[in-house]
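Okay, structure first, notes after.
The values are calculated or read from the model by the stated rules, or taken from the named source; none is laboratory data. Remember, predicted model here, so these are calculated numbers, not experimental data. Note that we place each Cβ from the backbone using ideal geometry, even for glycine, and neighbour counts take in every protein chain shown. The accessibility values were calculated without ligands, DNA or RNA, using every heavy atom of the protein model including side chains. Shrake-Rupley method; radii C 1.70, N 1.55, O 1.52, S 1.80 Å.
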Amino acid sequence: MSRRTVVNYEPDSTTSTFSTRSNALPTTRNSVASKRIGNHSNDIVAYFHDEEVGNYHYGERHPMKPHRLTLTNHLVISYDLDKKMEIFQPRRATEEEIMSFHAADYIDFLKRVTPENMNNFSKVFSRYNVGDDCPVFDGMFDFCKIYSGATIDAARKLTNGSADISINWSGGLHHAKRVEASGFCYVNDIVLGIFELLTHYPRVLYVDIDIHHGDGVQEAFYTTDRVMTVSFHKYNGDFFPGTGDIDEVGSGLGKHYSLNVPLKDGIDDESYIYLFKSVMEAVINSFRPSAIVLQCGADSLGCDRLGCFNLSIKAHGECVRFIKDFKLPLLVLGGGGYTIRNVARCWTYETSILVDHEVSNDLPYNEYIDYFQPDYKLHPHLSGKVENMNTRQYIRNLRIKVLEHLRFLDGAPSVQMQEIPPDIQGFLEMNDEEEAEILADSAKGKEEKEKQRGRDHGNDYYDNEQDVDMDMDIES
């Protein structure tokens, strides 16, 4: 396997932050899908979008706006990127598919509760963590079925060999747990998509660049070595969801197959990309995944409503480019992102990266062009709004400690490349000791979440829809 030299992180380093070099791993029959020449790109890219998904509404003052998906799709089409992909109208996930991960009683609740009858279910709201962050809204379960069905279908395009890259920007809801909603997420489509990938691929790598820890996915696969989870996020023990410390590494067979990269406020392009590339190259060389799932939460951008990083859209996209260049089957999903015009810009730019097509910085005219005033650019200036608390020494030490965890990996894990993966049912079952270890590792986060259920989230909620979209100021 070819490796690229990782340079030392020094102030006078001349290494370019953005790179076009390929990281492609050697192709093997079982680990990498066959590359075919499509009409527009060396990679066949499948794009999943349902027009209805952008019409759902969490509530007037809620920061999660599915309308961002409509903005994204219109920008993608305005740039003619749809002509370089295979476009699919996804089907809705079935209850049986959703319950392959989620508990039946929880799904029955999601299916039955509505704004009109919610008072009849108030006694179980705390059990299922439904409330301010995860409100009951019109069509809630249909919304879940749409984005989950798109992720499952996108994964199947990879497993049946009809696509090299699959995109579902409506997916990536990484906080949902087996028996409860969390962080604006009700059904964990990522887990469902990984389940589908595991029916064909021996090992799946999950990478999360949302500003919030990918806790729901980590928890789901905490005891298996067939899925490695890697999350880059803000962590201080208090920031939602309160989990994601560097010492959360997995348990049982999954010990050392959870990797967390905890960051502080204000991280900039150079530091983030340096960490991302050095960590991910080491992870992929060690774990040797058969397929990759990349969650592209856009709340890690500068100027995000609920974020506190300084990343540009180009830096966020560079992470996508770096993972794409490993030439492994790739499922790309959305996630967080609450300044919706920047979410649309980011995911459109990343779509252009995935189809290998350079796009202009001048936004093409489209029905929603007024959302992008006053500059009408794809790459607005988003950096430098928050003081960077990640010192060079902190970044160096963090990199060393994260890479040290990889030394505990015993090469590729248990399922051999030539073996057909076992049936997914039951492979995540854990004993009492493993379950206790999961609870212990996430105890601080659980306690913090309980506190937050009764806490005003401050800048999480706004007076009206226009306020969410147009005001760009960030509170420290």
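Things worth noting here:
- Surface accessible to a 1.4 Å probe, Lys385 within the full protein complex, Å²: 120
- The range 185-252 and the range 94-172: distance between their alpha carbon centers, rounded to Å: 18
- Counting heavy atoms of the protein chains alone, Glu350 has an accessible area of about 0 Å² for a 1.4 Å probe.
- Share of carbon and sulfur in the accessible heavy-atom surface of the range 274-317 [1.4 Å probe, %]: 50
- Rounded, prolate or oblate (a/c below 1.5 giving rounded, otherwise prolate when a/b exceeds b/c) for the range 148-297 by Cα gyration tensor: rounded
- Solvent-accessible ranking of Asp132, Asp299, Asp325, Asp375, largest area first, probe 1.4 Å: Asp132, Asp375, Asp325, Asp299
- Distance in nm between pseudo-label sites at Ile400 and Lys377 (7 Å out along the Cβ direction from Cα): 3.9
- Computed label-point distance, nm, for sites Thr199 and Arg61 using a 7 Å Cα→Cβ extension: 4.4
- Accessible surface, 1.4 Å probe, highest first, among residues Arg288, Arg345: Arg288, Arg345
- Calculated FRET value between Glu96 and Lys123, using beta carbons and R₀ = 30 Å, to 0.05: 0.65
- Relative packing of 73-82, 99-108, 169-178, which averages over residues the other C-beta atoms within 10 Å, highest first: 169-178, 73-82, 99-108
- Accessible area (Å², per residue) of the range 315-405, counting only protein heavy atoms and a probe of 1.4 Å: 38
- When Asp265, Asp370 are compared by accessible area at a 1.4 angstrom probe, the order from most to least is Asp370, Asp265.
- A probe of 1.4 angstrom, applied to the heavy atoms of all protein chains, finds Ser231 with accessible area near 10 square angstrom.
- Taken along the Cα-to-beta-carbon direction at a fixed 7 Å, the label points for Asp132 and Asp370 span 3.2 nm.
- Solvent-accessible area, 1.4 Å probe, carbon plus sulfur percent, for the range 40-101: 48
- Under the Karplus curve 6.51 cos²θ - 1.76 cosθ + 1.60, θ = phi - 60°, whole-Hz ³J(HN,Hα) for the range 128-145, x wherever Gly or Pro sits: 9, 6, 9, x, 5, 5, 10, x, 7, 9, 4, x, 3, 6, 5, 4, 4, 5
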